[in-house]
Structure formats: C-alpha cells, structure tokens
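Data first, discussion second: the structure below is written as structure tokens.
The values are calculated or read from the model by the stated rules, or taken from the named source; none is laboratory data. Computed from a prediction, not measured in an experiment: that's the story for all the values here. All Cβ positions, glycine included, derive from the backbone under ideal geometry; neighbour counts span all protein chains shown. When the accessible area is computed, the model is the full protein with side chains, heavy atoms only, and any ligands, DNA or RNA have been set aside. Shrake-Rupley method; radii C 1.70, N 1.55, O 1.52, S 1.80 Å.
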Amino acid sequence: MNERILIVEDEEALRMTLSDRLRSEGYEIETAADGAAGLQKATEQAYDLVLLDVMLPRKSGLDVCKDIRAAGMAVPILMLTAKGQNVDKIVGLKIGADDYVTKPFDTTELLARIEALLRRASAYASTRPAVQKLGDLQIDIPGTMVKRDGERVALSAREFQLLRYLLEHRNTTMSRANILKDVWGYSSDTFTRTVDVHVASLRQKIETDPKQPKFILTVPGLGYKLAA
Ligand code: CA
C-alpha cells in the first residue's frame, strides 16, 4: 500500500510541484491550501505523514501542528519553514513537529527527510500494536479511541494524550513535571495540579473503581505509573 501524504501549502506553484514530485516517488498525495482545511483533513483522515507549511492563511502551520497533537494524533509532521524563522519555536517549544526543512529546499533533501520520518514511524508501529489492551480496555492509538466491550469511552483529546503517554511509558513512574512538559508542553511546574485533575478525570472514565485504581497508580511523592 502506498503511503499517504497530506501537503498543506498555500503557494499553488509549490503545492503542485511537490505533489507531482511525491506522486512520481509513489506516494499518494492529498493537498490543502490553508491551515483550517489542512487541520480538517489531517484529523478526519489517516495519513502517514503531514507536510506542513508554517506561514498559512486562516490558521498558521504552528497552530495546525499543535491542534493535530491536541487531537491525540501521532502522525509524523514535517514543517516547511521560511529562512529566518525561528526554528527553536518549532522543535524547541515542543509544538509536536517531528522535523523541518527551510525554504528554499532541495527536493532530494526533502525526500530524504520524508523517508526517514516514515521509516521511523513504521519501526515504531511494528514494535507497538496499533490497538493496545489495558485490562478490558482497547486503546486504538491511530484511531484515537478507547473502547470497553465494544462501547466507546468518551475521552477528551487531552485525556487521550495523557493515557497514550502513560501507556508509552508503561510500568515506569513519571513525575508530574515530566508529564506536564511532555503532554502539555509546559516547562513550569506551577501547574502540576493540572496533571492531578486530568488523572482524576481519566480514572473516572477508565477505572472500574476510580478510588482504587488498577491502571493509573499514584506513586507517593513521585508521580504516576501506568501498571500493565
Ligand atoms: Ca506559505
């Protein structure tokens, strides 16, 4: 099956050139010409990679990237930045992009980055099943869904991200500060109470007895651990 790439780029000439080139490499391509349309496509359909311009009408690429992650989607995102743009903002601020290339770029270089990201993603997917089990719960990572006995458990995007994060670090104690940094992107530990609030609401939804949790355990003085 061909890998599917979504190109979100407002410059028509570049969008066409990239589409043609990537199609000739065997990828299946869809495009969006502004940020809002890009976000809609990226969250409604499954792609193997999103190529996302930073400067976009209707919604910036940075916001699109953040919102894709806030929706709990782990699709690899490669940002297209303009010269002089602060790339620290893209990777340093943890908006969730995986890599970036600076315009004007060499297509060979872009293709190499795309291949590297796709390889990394498929290596990850092959070591972790797409649907993971946790007790009587089925956690569908790409589908961003949790089910119990075939019934969907309604989680907010943040609760899903938190659950996915704890699942990725199963049986490991994670500090509140680390959870806050990795799931919320906050570097300050003044909001660690936020973590407690979300853990409590997640327990209400996934634990049989939220007062005596089996899955998300409190490690006194240290943080939380997902037991699996
Ligand atoms: Ca642009």
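Side notes on the structure shown:
- A straight line joining the Cα centroids of the range 128-186 and the range 20-57 runs 26 Å.
- Rounded to the nearest 20 debye, the dipole size of the range 128-226 about its Cα centre is 80 debye, using +1 on the Cβ of Lys and Arg and -1 on the Cβ of Asp and Glu.
- Global form of the range 1-89, assessed from the alpha-carbon gyration tensor, a/c cut-off 1.5: oblate
- If the segment from Glu30 to Arg193 were pulled out straight at 0.36 nm per residue, it would be longer than the present Cα-Cα gap by 54.6 nm.
- Dipole moment magnitude, nearest 20 debye, the chain about Cα centre, only Lys, Arg, Asp, Glu C-beta charged: 980
- The chain shape via C-alpha gyration tensor axes, a/c threshold 1.5: prolate
- Solvent-accessible area per residue, Å², over the range 128-226 with all protein chains present [probe radius 1.4 Å]: 53
- Qualifying lysines (Cα of each under 22 Å from Cα of Lys66; at least 8 residues distant if same chain): Lys41, Lys83, Lys89, Lys94, Lys103, Lys181
- Spacing of the two label points (7 Å from each Cα toward its C-beta) at Thr172 and Leu217, in nm: 1.7
- Sites Thr107 and Met55, calculated FRET efficiency, Cβ-Cβ separation with R0 25 Å, nearest 0.05: 0.80
- Solvent-accessible area of the chain (1.4 angstrom probe, protein heavy atoms only): carbon and sulfur portion equals 51 percent.
- Once the Cα-Cα distance is subtracted from the 0.36 nm per residue extended length, the Glu11 to Thr208 segment shows a gain of 65.8 nm.
- Fraction of antiparallel bridges per DSSP, the chain only, in percent to nearest 5: 50
- Lysines whose Cα lies under 25 Å from that of Lys211, excluding same-chain neighbours fewer than 8 positions away: Lys133, Lys147, Lys225
- Residues in the range 4-124 average 48 Å² of solvent-accessible surface per residue, probe 1.4 Å, ligands and nucleic acids excluded.
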